[in-house]
Amino acid sequence: MSKQNIQLGPDGRLRHFLTIDGLSREILTDILDTAESFTGISERTVKKVPLLRGKVICNLFFETSTRTRTTFEVAAKRLSADVLNLNISTSSTAKGETLLDTLRNLEAMHVDMFVVRHADSGAAHFIARHAAPHVSVINAGDGHHAHPTQAMLDMFTIRRHKGDFAGLRVAIVGDILHSRVARSQILALNTLGTSEVRLIGPRTLLPADARSLGVHVYYDLDEGIRDVDVVIMLRLQKERMHGALLPSEHEYFQLFGLTESRLQHAKQDAIVMHPGPINRGVEIDSQVADGPRSVILQQVSFGIAIRMAVMSMAMGSQTQAAK
Amino acid sequence: MHEPRAILISNGRIIDPANRIDAVLDLRIVDGRIQGLGPLPAEFEPDLIIDADGLIVCPGLIDLSARLREPGQEHKATIQTETRAAAKAGITTLCCPPDTNPVIDTPAMVTLVKERAHSLGFARVLPIGALTKSLDGEQLSEMAALQNAGCIALSNADRPLANTLVERRALEYAATYGIRVMLRSEDRHLRNSGCAHEGPVASRLGLPGIPEAAETVAVARDLALAEQTRCRVHFRGLSSGRAAQSLALARQQGLSITADVAAHQLHLTEMDIDGFDSHCHVHPPLRSLSDRQALREAVANGVIGAICSDHQPHDADAKEAPFPSTAPGISALETLLPLTLRLVQERVLGLSDAIARITCGPAQILGLKLGSLGPGCSADICIFDPNRHWELHPEHMYSAGHNTPFVGWEFTGLVTHTLLEGRIVYEESSSRGP
């Protein structure tokens with residue numbers, strides 16, 4: 001089995017978008033620049049470009065998600081593609097076989113691109129490895145592994161506000177262990193040359209050997225966000241209270257909840273981000289979430305431009321390869 | 001087919017670690033047993049001569065853990081396909097764990113597996129009986145009956161007992177009858193839903209981790225119970241260096257415990273799962289480079305007395321899914337000898353010691369008079385060419401399971417003949433049956 005980066009075509013261009021891992025700064029910058037060129041479209045009266053006219057894009061969601069699926073759908077439609085939405089429950093025991101069978105069935109309908117969300121880490125890689133050569137795969141979240149379009153829209157948001165990544169200090173706060181978003185953010189931030197990436201959380205919510213991911217680790221929120229330019233809050237799933245990972249939401253908010261007063265430790269012009277949906281009063285105080293430093297809603301609209309960029313780039317390289 | 005009564009294996013380099021022999025000698029077989037080594041008595045007239053010039057002649061390999069999938073999972077493999085693969089790999093004795101379907105927890109099941117293997121005649125199959133009924137971890141199996149039916153040991157397979165009291169009583173009861181118990185030390189709560197070693201690679205790939213402590217905690221518990229019950233406990237399939245160190249210490253303190261390791265644990269590490277390679281999804285998981293190094297040292301110094309294949313053949317579908325949803329295990333019979341010889345090439349241990357870990361080492365653990373070329377021993381023999389280079393291709397495998405991460409690996413050393421009780425059960429470039 002090949003361990004090389006299957007995301008790239010022989011020409012080094014993006015074929016699939018599965019993870020930030022193994023992608024160069026040039027490719028990430030290219031994605032951000034392409035997304036920048038798409039942001040204008042959303043403000044037009046006719047919000048469409050014909051780049052993917054005649055292409056069929058299938059949103060293959062094995063985990064429920066409304067927001068991510070919707071932004072992918074909007075992005076695909078703005079590129080004039082036809083969109084199929086499939087929500088498939090993973091409760092069946094033989095999900096491995098189902099996955100391959102589902103894939104084969106959809107390929108028979110001449111789907112050109114799969115946007116995949118699945119509860120298993122590595123699911124998007126698996127589908128990319130088994131998809132027909134002309135098909136592109138975009139990872140919309142696999143297990144705890146990766147959520148690269150979310151990370152790129154976060155990078156887009158940071159670049160819009162801060163310009164360059166060099167010199168920036170970015171803190172990611174909360175449940176890193178179970179977060180595919182955090183893993184992709186860390187890789188993207190480091191690839192783009194961020195000076196310092198910090199993880200802040202209790203040890204039960206940090207991965208083993210967290211430092212091997214190229215980050216600084218803090219267990220104290222005030223200390224961890226001192227002088228940072230960007231604070232990224234992660235959603236805390238309620239089920240974490242059951243697996244003996246945390247004592248209570250109350251204690252979590254006391255220790256790691258972001259409030260106005262604690263945000264004072266960050267830089268004056270620090271921005272606050274959150275991949276959503278937010279748990280008010282659990283990881284973030286409403287005053288902060290709705291406050292002047294919050295860019296949470298901008299993230300959502302930038303998400304469409306990023307997804308348009310990634311879809312058009314992956315499909316463009318596939319179309320070119322076919323010629 | 002007419003079986004030759006007397007066989008001469010001439011001019012081979014005999015490596016018989018049990019008898020500390022490493023020399024070019026003739027070996028004589030009469031009526032399925034080894035008659036002797038060295039100069040031919042005048043009256044010896046062989047019906048068959050195997051020219052072993054330039055080849056190594058050693059005892060047939062003994063594998064402490066091989067799933068044959070029969071009964072219950074014949075879509076993966078059968079006793080026929082797997083014992084034939086064993087013969088090709090120079091393995092003459094296989095111990096099969098009890099997690100078949102139905103479970104090997106009755107004398108009838110023991111007899112069924114043994115007789116099926118016996119009638120095929122490719123390899124000797126020694127069933128390991130269930131330690132608890134249906135492997136449920138609650139009720140003791142009929143241990144004495146299983147022993148009488150021919151179980152070589154008892155085990156709860158890969159389902160460690162959750163209840164410490166049941167484990168204590170199972171070991172005590174087994175000790176009453178001098179029954180060996182093979183334990184796979186793992187704390188199931190710490191394992192949780194993990195599928196990879198909890199370390200940097202799993203952290204990066206977002207795979208649920210299995211901490212080293214899942215093994216070390218359980219080894220500590222199992223050692224304490226082995227000491228208290230004085231049961232003959234064998235630790236199966238170690239994965240961590242710290243577990244091996246705990247066992248070394250316990251042995252120094254006089255506890256008569258034994259251990260084995262799967263050959264792949266001595267060559268692969270957590271790095272190999274990168275790219276979500278489901279063929280490297282094994283249980284216990286591939287751990288760190290330092291664990292691999294410590295396991296190699298434990299094999300070299302004898303704390304780990306046996307290298308096993310931990311053979312687990314699968315159908316293709318079992319590995320065709322996202323990593324966490326794939327079935328763990330490697331089809332490993334055909335890489336047991338090559339991976340062991342590779343340890344010699346990598347200077348982990350000498351050739352004679354390496355062969356000992358797959359012949360007399362496991363025989364001693366089982367208390368069997370196998371794995372030796374001494375006069376009177378069963379003529380179970382593996383002959384291999386130590387200089388032949390070859391590459392592993394799935395289409396050349398005899399096992400029904402082609403699930404191996406070693407495809408494309410280059411090996412040195414290839415089996416040319418396998419004899420079971422004086423019968424040739426494998427000869428290179430032929431598929432002669434017994």
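The values are calculated or read from the model by the stated rules, or taken from the named source; none is laboratory data. Just so it is clear, the structure is predicted and the values come from calculations on it, not from any experiment. In this analysis, Cβ positions are derived from the backbone assuming ideal geometry, glycine residues included, and neighbour counts consider all displayed protein chains. Keep in mind that these areas ignore ligands, DNA and RNA; they rest on the heavy atoms of the full protein, side chains included. Shrake-Rupley method; radii C 1.70, N 1.55, O 1.52, S 1.80 Å.
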Do you know which residues across the stretch B:142-156 are open to solvent by less than 70 Å² (accessible area, probe 1.4 Å) and either without any contact (Cβ under 8 Å) to a residue 60 or more places away in the chain or closer than 17 Å to B:GLU115 by Cα (or both)? B:MET143, B:ALA144, B:ALA145, B:LEU146, B:GLN147, B:ALA149, B:GLY150, B:CYS151, B:ILE152, B:LEU154, B:ASN156
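For a quick check of your reading: which helices (runs of 4 or more DSSP H) sit entirely within the stretch A:249-304 and have at least 1 residues that are acidic (Asp, Glu)?
Of the helices (runs of 4 or more DSSP H) lying wholly inside the stretch A:249-304, those with at least 1 residues that are acidic (Asp, Glu) span A:249-256, A:260-263.
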When residues of the stretch B:399-409 are limited to those that are of a type outside the set (S, T, N, Q) and closer than 17 Å to B:ALA318 by Cα, the one surrounded by the fewest Cβ atoms within 10 Å (Cβ to Cβ): B:HIS402
Restricting to the stretch A:200-214, what's the tally of residues that are more than 11 Å from every other protein chain (Cβ to nearest Cβ) and under 25 Å from A:PHE156 (Cα atoms)? 2
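Residue-by-condition table, conditions (1) at negative phi; (2) surrounded by 20 or more Cβ atoms within 10 Å (Cβ to Cβ); (3) touching a Leu at 6+ places or on another chain (Cβ under 8 Å):
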{"residue": "A:PRO10", "(1), (2), (3)": "yes, no, no"}
{"residue": "A:HIS16", "(1), (2), (3)": "yes, yes, no"}
{"residue": "A:ILE20", "(1), (2), (3)": "yes, yes, yes"}
{"residue": "A:ARG25", "(1), (2), (3)": "yes, no, yes"}
{"residue": "A:THR34", "(1), (2), (3)": "yes, no, no"}
{"residue": "A:PHE38", "(1), (2), (3)": "yes, yes, no"}
{"residue": "A:ARG44", "(1), (2), (3)": "yes, no, no"}
Can you spot a residue in the stretch B:369-381 that is on the phi > 0 side of the Ramachandran plot, without any contact (Cβ under 8 Å) to a residue 12 or more places away in the chain and not assigned by TED's automatic domain parsing to the domain that holds B:LEU37? no
Which listed residue, of B:HIS389, B:HIS396, is touching a Phe, Trp or Tyr at 6+ places or on another chain (Cβ under 8 Å) and open to solvent by 30 Å² or more (accessible area, probe 1.4 Å): B:HIS389
Taking into account only those residues within the stretch A:177-196 that are in a helix (DSSP H, G or I), in contact with a Gly (Cβ under 9 Å, 6 or more places away or on another chain) and open to solvent by 10 Å² or more (accessible area, probe 1.4 Å), which is farthest from A:HIS265 (Cα to Cα)? A:ARG180
Scope the stretch A:216-239; condition out of contact with any strand residue (DSSP E or B) (no Cβ under 9 Å at 6 or more places or on another chain) and open to solvent by less than 30 Å² (accessible area, probe 1.4 Å); matching residues: A:LEU236
In the stretch B:1-17, anything buried (at least 17 other Cβ atoms within 10 Å of the Cβ) and either farther than 17 Å from B:ILE383 by Cβ or of a type in the set (Lys, Arg) (or both) is listed as B:ARG13
Criterion first (under 18 Å from B:THR81 (Cβ atoms) and buried (at least 23 other Cβ atoms within 10 Å of the Cβ)) does B:THR418 satisfy it? yes
Taking A:VAL46, is it away from every other protein chain (no Cβ under 14 Å) and in a loop (DSSP other than H, G, I, E, B)? yes
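For every residue, the table says whether it meets (1) under 15 Å from A:VAL170 (Cα atoms); (2) surrounded by fewer than 16 Cβ atoms within 10 Å (Cβ to Cβ); (3) at pLDDT below 95.
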residue	(1), (2), (3)
A:SER261	no, yes, no
A:ALA266	yes, no, no
A:VAL272	yes, no, no
A:ARG280	no, yes, yes
A:GLN299	no, no, yes
Give B:ARG204, B:ARG188, B:ARG251 a once-over and let me know the one that is of a type outside the set (Val, Ile, Thr) and under 30 Å from A:ASN139 (Cβ atoms). B:ARG204
Which residue out of B:ALA327, B:ALA316 is closer than 22 Å to B:PRO71 by Cβ and at pLDDT below 95? B:ALA316
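Restricting to the stretch B:190-226, what's the tally of residues that are polar (S, T, N, Q) and crowded, with 18+ Cβ neighbours inside 10 Å? Lay out the reasoning, then the answer.
First, the residues of the stretch B:190-226 that are polar (S, T, N, Q): B:192-193, B:203, B:216.
Now narrow it down to the ones that are crowded, with 18+ Cβ neighbours inside 10 Å: B:203, B:216.
Of the residues in the stretch B:190-226, 2 are polar (S, T, N, Q) and crowded, with 18+ Cβ neighbours inside 10 Å.
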Scope the stretch A:242-258; condition open to solvent by less than 50 Å² (accessible area, probe 1.4 Å) and more than 21 Å from A:ALA182 (Cβ to Cβ); matching residues: A:SER248
Looking at this structure, is A:LEU32 modelled with pLDDT of 95 or more and away from every other protein chain (no Cβ under 14 Å)? yes
Can you spot a residue in the stretch B:328-348 that is within 30 Å of A:HIS144 (Cβ to Cβ) and open to solvent by 30 Å² or more (accessible area, probe 1.4 Å)? yes
Members of the stretch B:297-313 found to be open to solvent by 10 Å² or more (accessible area, probe 1.4 Å) and either under 18 Å from B:ILE330 (Cβ atoms) or modelled with pLDDT under 95 (or both), listed by number: B:ASP310, B:GLN312
Between a first residue in the stretch A:128-152 that is farther than 22 Å from A:ALA108 by Cα and a second residue that is open to solvent by 10 Å² or more (accessible area, probe 1.4 Å) and among the small types (Gly, Ala, Ser), which pairs have beta carbons less than 7 Å apart while being 6 or more apart in sequence or on different chains? A:GLY143/A:ALA119; A:HIS144/A:SER179
